[in-house]
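Inspection log for the structure reproduced underneath, given as structure tokens.
The values are calculated or read from the model by the stated rules, or taken from the named source; none is laboratory data. Model, not experiment: these values are computed from the prediction. So basically every Cβ, Gly included, is an ideal-geometry build from the backbone, and we count neighbours across all protein chains shown. These area figures cover heavy atoms from the full protein model, side chains too; ligands, DNA and RNA do not enter into them. Shrake-Rupley method; radii C 1.70, N 1.55, O 1.52, S 1.80 Å.
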Amino acid sequence: MSLLVVGLSHRSAPVSVLERASLAAETQAKLLQDALAAEPAAEAAALATCNRIELYADVDKFHAGVAELSTLLAQHSGVGLDELTPHLYVHYEDRAVHHLFSVACGLDSMVVGEGQILGQIKDALARGQELHTAGRLLNDLFQQALRVGKRAHSETGIDRAGQSLVTFGLEQLAAGEDVAEWARGKRAVVIGAGSMSSLAAATLARSGVAEIVVANRTRSRADRLVEILGQPGGTGVAARAVEMAEVPGELTRADIAISCTGATGLVLTAETVAEALGLPHAPVGEASAAPAGETASGQAAGPVRLALLDLAMPRDIDGAADRLDGVRLVDIESLAEVSADAPMASDVDQVRTIVADEVAAFGAAQRAARITPTVVALRTMAADVVTGEMARLDGRLPDLDEKQRAEITLTVRRVVDKLLHAPTVRVKQLASEPGGAGYADALRELFDLDPQTVAAVSRADLNDPNRGRS
């Protein structure tokens with residue numbers, strides 16, 4: 001059996017689709033029950049929040065599993081399969097584990113590092129346990145996801161990274177002035193539509209900017225962010241999406257520009273900024289990091305016409321732009337210099353390392369667990385052999401007293417245990433390594449173990465009422 005997740009989130013679908021695809025509690029219960037009734041799935045759990053709907057399952061066939069889970073999501077969400085399919089993502093085996101662990105740590109959230117998702121994962125596990133749709137694999141998976149999420153929050157600054165980075169950057173741009181007072185009435189350009197850019201846009205909207213223009217290489221993601229900003233009950237900020245090619249023109253009317261993309265090269269060059277401000281030419285070379293309100297040379301800056309905040313790593317905005325008249329640039333490097341202990345991109349990198357380590361450990365543990373029923377069956381067979389031989393000895397030596405019989409029984413059992421100890425320990429070690437699934441088959445073949453006995457051990461472990469309870 002293999003782990004499969006099919007879902008959609010704010011990263012893959014527009015708000016309008018997510019809203020329509022939302023699942024009430026009773027609908028989730030029916031979805032899980034129908035998933036188990038479907039042929040490819042042996043276990044199922046659903047994670048449904050305002051920003052994501054994901055169906056996890058233990059399946060025996062990948063393609064059939066994807067087709068069945070996708071169909072079930074469409075049926076129960078009320079969104080047609082043809083409309084839903086382009087927004088679905090699929091993760092399998094280790095990638096599915098990596099995805100859930102990343103979600104639990106807040107790496108996949110709209111606001112990086114938010115902790116609310118841990119409660120939602122716990123609720124998803126409890127629902128699967130209550131409905132008896134979460135078996136051994138999903139119990140182990142969700143329990144471990146909760147532990148990984150808690151570890152990320154306790155060992156790193158991930159819960160502060162997103163909020164602190166944006167807020168701290170805006171505070172540096174405001175140069176001591178209250179951010180809300182400084183931002184009120186200004187026009188802003190946000191480049192990028194990921195979680196950090198989304199947080200930046202939301203923060204600007206709450207600060208009272210007059211307009212937000214969003215640009216992203218994938219236009220649909222910019223449209224989704226604009227849609228989120230304009231939701232009922234929101235800030236009411238005027239927001240619109242543009243193509244990346246339109247950014248230079250938008251800069252001519254902007255007071256603030258924030259960039260956070262995954263680009264490997266510069267998104268805004270000094271020349272582009274200079275042209276937007278109508279300056280004759282861009283400076284040569286890059287500026288060194290300087291405190292907000294000063295140029296690289298340490299001289300007081302004049303009136304700021306354009307405030308630039310670069311939240312990307314590597315940088316999106318040419319450092320030389322900070323040397324332009326009327327420009328103030330704050331980036332990750334300068335923020336780190338102003339506050340060495342401020343949680344920055346290093347927190348995210350640290351959490352990603354934790355996730356990678358935990359995924360590897362979970363995979364090894366699961367592979368080792370798959371051979372456990374075979375080892376238990378082997379030891380059960382050995383115990384039966386000892387019992388049978390002792391019964392035969394009783395027939396041959398009927399005059400043995402209880403003490404003698406007990407000593408002989410103990411000696412035979414010790415011999416059997418010592419003979420089995422090394423191979424069973426070693427086979428568990430080998431089975432925990434990638435590609436180690438075949439060792440269970442080899443053990444069954446070598447000792448001629450009854451497959452029904454092994455399956456009975458697996459069922460007993462799976463049905464243990466105390467297993468996997470949160």
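Quick notes on this one:
- Contact map, the stretch 427-456: residues that are part of a helix (DSSP H, G or I) paired with residues that are open to solvent by 80 Å² or more (accessible area, probe 1.4 Å) and modelled with pLDDT under 75, Cβ distance under 6 Å, separation 6+ or inter-chain. Pairs shown: Val427/Tyr439; Leu430/Tyr439; Ala431/Tyr439.
- Residue check, Phe62 within 15 Å of the chain's Cα centre (by Cα) and either of a type outside the set (Ser, Thr, Tyr) or at pLDDT below 95 (or both): no
- Pairs with Cβ under 8 Å, 6+ apart, first in the stretch 133-144 and free of Cβ contacts under 8 Å to residues at least 60 places away in the same chain, second open to solvent by 10 Å² or more (accessible area, probe 1.4 Å): none
- Hits in the stretch 71-105 (condition: under 20 Å from Ala361 (Cβ atoms) and in a loop (DSSP other than H, G, I, E, B)): Glu93
- Taking the numbered list (1) over 15 Å from Val166 (Cβ atoms); (2) assigned to a strand (DSSP E or B) in turn, Arg217 passes all entries but (2).
- Against the list (1) closer than 29 Å to Ile117 by Cβ; (2) in contact with a helix residue (DSSP H, G or I) (Cβ under 8 Å, 6 or more places away or on another chain); (3) open to solvent by less than 70 Å² (accessible area, probe 1.4 Å); (4) not aromatic (Phe, Trp, Tyr), the condition Val213 fails is (1).
- Qualifying residue in the stretch 113-124 (condition: β-branched (Val, Ile, Thr) and more than 19 Å from Val355 (Cα to Cα)): no
- Those strands (runs of 3 or more DSSP E) of the stretch 227-345 that lie entirely within it include none in which at least 2 residues are modelled with pLDDT of 70 or more and of a type in the set (S, T, N, Q).
- Scanning the stretch 169-176 for any residue that is in contact (Cβ under 8 Å) with a residue 24 or more places away in the chain and within 22 Å of Gln350 (Cβ to Cβ) turns up at least one such residue.
- Restricting attention to the stretch 164-178, the residues that are open to solvent by less than 30 Å² (accessible area, probe 1.4 Å) and at pLDDT 90 or above add up to 3.
- Checklist (1) modelled with pLDDT of 95 or more; (2) buried (at least 19 other Cβ atoms within 10 Å of the Cβ) applied to Ala161, failing item: (1)
- Looking only at residues of the stretch 346-366 that are closer than 13 Å to Leu107 by Cβ and of a type in the set (A, V, I, L, M, F, W, C), we find that the one that is surrounded by the fewest Cβ atoms within 10 Å (Cβ to Cβ) is Ala356.
- Whichever residue in the stretch 245-262 is in contact (Cβ under 8 Å) with a residue 40 or more places away in the chain and surrounded by fewer than 16 Cβ atoms within 10 Å (Cβ to Cβ) and, among such residues, is nearest to the chain's Cα centre (by Cα): Gly262
- Residue within the stretch 99-107 that is within 22 Å of Glu68 (Cβ to Cβ), open to solvent by less than 10 Å² (accessible area, probe 1.4 Å) and at pLDDT 95 or above present: yes
- For the stretch 119-130, the criterion of a residue being open to solvent by less than 20 Å² (accessible area, probe 1.4 Å), under 26 Å from Ala222 (Cβ atoms) and in contact with a helix residue (DSSP H, G or I) (Cβ under 9 Å, 6 or more places away or on another chain) is satisfied by no position.
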